Amino acid sequence: MSVLSQKLCYFLEQRGLNVAELSRRCQIERSTLYQYLKGKRPLQNTAQLGAIMSELHLTPDERAEIMKAYEITQIGLRNYNRRCKVREILNSLLTIEEGTAAPPENEHEADLTPLEDHGLICGELDVNRTIHKVVRDTVAHGGELKLLAQPDYAVLMESLTLMGSESMNTKVTQVICMEADSGQDGCSNLENVYRILRYGVGIYHYEPRYYYGKASEHFGIMNVMPYLMVTEHYALQISSDRKAAILHSEPELVAYFGNVFERICKQSEPLIVSMDGFRGQQAQWALRYAKTMDFSHTIEVCSGLCSVQFWDERLIRTYMNPSLPGYEAIVQGYTAYTSALYEAKRRGEITVLMNASFAEEFIKTGIFREYPEVFFAKPVSQRDRRELVERILTAMDEGWYHIRMISAEDFPLSYRWELVIQRGLSLIFQYSFYNQFRVFQFLESDIMDAVYDFLEHLASAQNILGDEQSAALLRKWEKEHLAE
């Protein structure tokens, strides 16, 4: 029997009904209903399922159980788990900035005396103290922190994010293990993404890399002490239970472990590419991205009116903040980027999931909440808002631009985040918060497949507005808020 069949039989027995009675009430042929309940025939007709739930007089929680069982039966438990994990990742981004705290005042001036070799360090508390001291030393003097550790080692990772803005001169290179089969429940690689996005925001220069294998398998001499931290002055080996460590400060040993890390690093691949959008990198990178990517199967998630490809030089010059460093170069870069992006997307087919409330708010106010305030000199005028809406509607009429309006309650992202995924090619998260504007690009296939499946499923949900309804909503808002 399927999970759905078992649930239906349970509620049927609990309500004291038999197949014949339920068949009569639901107007489903008795033999067909019997096959549904015995799992001999898949129940795919949602109208019939709705009728069965109605006649069983299920509570909202019981209906949720049935719909969960229905989805598991349709796609399998593994895929269901992966969809749930992707939703968890997106929901976690709502509060991601809470993990980027600044250090207490004078934290870095305290206890920065050179560490000495202590042989074997025993006890989780002493190991954690040593980790924190090595991180503080690296942050205080700048340089690179090399990590061989899974991102679930929270004490190690968060000790650096807590350094806040002081860590801007510190680069973190981390090599992690990704499982080729994505673990027993299909979610181990996605769990890494959940953590890495948080660290990618909290750590200014962060480069995670990956190799395929098992977390229990390690490189040669790393079997006994699988976790490794290497800086310019120290090498710290940590045991698998995280309760013992060995600190090395002799230059020869530090160099040796540095070489060990580099050999491991060469066998790995970049997991994300990240950059700071206010230092001129984002427009340059985006232009290369627009010119090289195929937008045939692309899904975007944007809280507001996702319209960057509809901007031209006049709009960019009118609204971009002239006090931004390198203003003229940024204008030229974004003008080239938006033009190239428009042409590239027009050759493909884009589905954009929008938060209906935020889209309407922009049409009313001209303020892009999904971008840092410092990026714009002033709100977009009513005339230019109308022009942007018309360009979007024209693209929808041309058939390459599709919009799915989602209610604020069901929308999976905070307005600070946007997501773009091209099936099998690239997954991009864009983050903006105060004066930060960061882009994270994932290229690992298992992660991309899971996110694309979730968004494709979300885009086809019954409570999501389709093209015609979304276009009608845009025209309604245009008439209400932008009438001349």
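The values are calculated or read from the model by the stated rules, or taken from the named source; none is laboratory data. Given the structure is predicted, the values throughout are model-derived calculations rather than measurements. Cβ atoms come from the backbone with ideal geometry, glycine included; neighbour counts cover every protein chain shown. Just the protein is used for accessible areas: all its heavy atoms, side chains included, with ligands, DNA and RNA removed. Shrake-Rupley method; radii C 1.70, N 1.55, O 1.52, S 1.80 Å.
How many residues are more than 16 Å from Leu413 (Cα to Cα), touching a residue at least 60 places away in the same chain (Cβ under 8 Å) and of a type outside the set (Asp, Glu) if we restrict to region 355-374?
4
Residue check, Val172 against (1) assigned to a helix (DSSP H, G or I); (2) of a type in the set (A, V, I, L, M, F, W, C); (3) in contact with a Phe, Trp or Tyr (Cβ under 9 Å, 6 or more places away or on another chain); (4) at pLDDT 85 or above, all met but one. Which one?
(1)
For region 462-484, enumerate the residues that are hydrophobic (A, V, I, L, M, F, W, C) and exposed (fewer than 11 other Cβ atoms within 10 Å of the Cβ).
Within region 462-484, the first condition is being hydrophobic (A, V, I, L, M, F, W, C), and the residues that meet it are 464-465, 471-474, 477, 482-483.
Scanning region 462-484 gives a single hit, Ala483.
Quick check on Ser445: is it modelled with pLDDT of 90 or more, open to solvent by 30 Å² or more (accessible area, probe 1.4 Å), within 19 Å of Ala359 (Cα to Cα) and not aromatic (Phe, Trp, Tyr)?
Working: modelled with pLDDT of 90 or more: yes; open to solvent by 30 Å² or more (accessible area, probe 1.4 Å): yes; within 19 Å of Ala359 (Cα to Cα): no; not aromatic (Phe, Trp, Tyr): yes.
No; evaluated as a whole, the condition is false for this residue.
Looking only at strands (runs of 3 or more DSSP E) that fall completely inside region 199-309, which ones have 2 or more residues that are modelled with pLDDT of 85 or more? Spell out the reasoning first.
Working: elements: 205-212, 227-230, 235-238, 244-248, 272-276, 298-302.
In region 199-309, 205-212, 227-230, 235-238, 244-248, 298-302 are the strands (runs of 3 or more DSSP E) which contain 2 or more residues that are modelled with pLDDT of 85 or more.
Report every pair of residues separated by at least 6 positions or lying on different chains whose Cβ atoms are under 9 Å apart, first residue within region 339-350 and modelled with pLDDT of 90 or more, second open to solvent by 60 Å² or more (accessible area, probe 1.4 Å) and not in a helix (DSSP H, G or I).
Cβ pairs passing all conditions: Ala344/Asp294; Arg347/Asp294; Gly348/Asp294; Gly348/His297; Glu349/His297.
Could you please find all residues in region 52-91 being under 18 Å from Tyr10 (Cβ atoms), free of Cβ contacts under 8 Å to residues at least 60 places away in the same chain and small (Gly, Ala, Ser)?
Ser54, Ala64
Counting only residues that are open to solvent by 10 Å² or more (accessible area, probe 1.4 Å) and among the hydrophobic types (A, V, I, L, M, F, W, C), which one in region 414-440 is nearest to Ala356 (Cα to Cα)?
Applying the filter and picking the extreme gives Val420.
What are the residue pairs meeting all of these: first residue in region 302-326, first residue more than 27 Å from His402 (Cβ to Cβ) and among the small types (Gly, Ala, Ser), second residue in a helix (DSSP H, G or I) and modelled with pLDDT of 85 or more, Cβ atoms under 8 Å, and 6 or more apart or on different chains?
none
Quick check: anything in region 409-418 closer than 18 Å to Phe310 by Cα, at pLDDT below 95 and out of contact with any Leu (no Cβ under 7 Å at 6 or more places or on another chain)? First the steps, then the outcome.
Let us first name the residues in region 409-418 that are closer than 18 Å to Phe310 by Cα, namely 418.
Those still in the list that are at pLDDT below 95 too: 418.
Applying the additional criterion that residues be out of contact with any Leu (no Cβ under 7 Å at 6 or more places or on another chain) yields 418.
Scanning region 409-418 turns up at least one residue that is closer than 18 Å to Phe310 by Cα, at pLDDT below 95 and out of contact with any Leu (no Cβ under 7 Å at 6 or more places or on another chain).
Would you confirm whether or not region 450-457 contains a residue that is closer than 14 Å to His402 by Cβ and open to solvent by less than 30 Å² (accessible area, probe 1.4 Å)?
Checked against the condition, which is being closer than 14 Å to His402 by Cβ and open to solvent by less than 30 Å² (accessible area, probe 1.4 Å), region 450-457 yields at least one hit.
Can you tell me which residues in region 400-410 are open to solvent by 20 Å² or more (accessible area, probe 1.4 Å) and under 11 Å from Leu353 (Cβ atoms)? First the steps, then the outcome.
Keep residues of region 400-410 that are open to solvent by 20 Å² or more (accessible area, probe 1.4 Å), which gives 402, 404, 407-410.
The answer is His402, Arg404, Asp410.
Failed condition for Leu160, given (1) open to solvent by less than 20 Å² (accessible area, probe 1.4 Å); (2) more than 26 Å from Ala255 (Cβ to Cβ); (3) at pLDDT below 85, with all others met?
Evaluating Leu160 over (1) open to solvent by less than 20 Å² (accessible area, probe 1.4 Å); (2) more than 26 Å from Ala255 (Cβ to Cβ); (3) at pLDDT below 85 leaves (2) as the failure.
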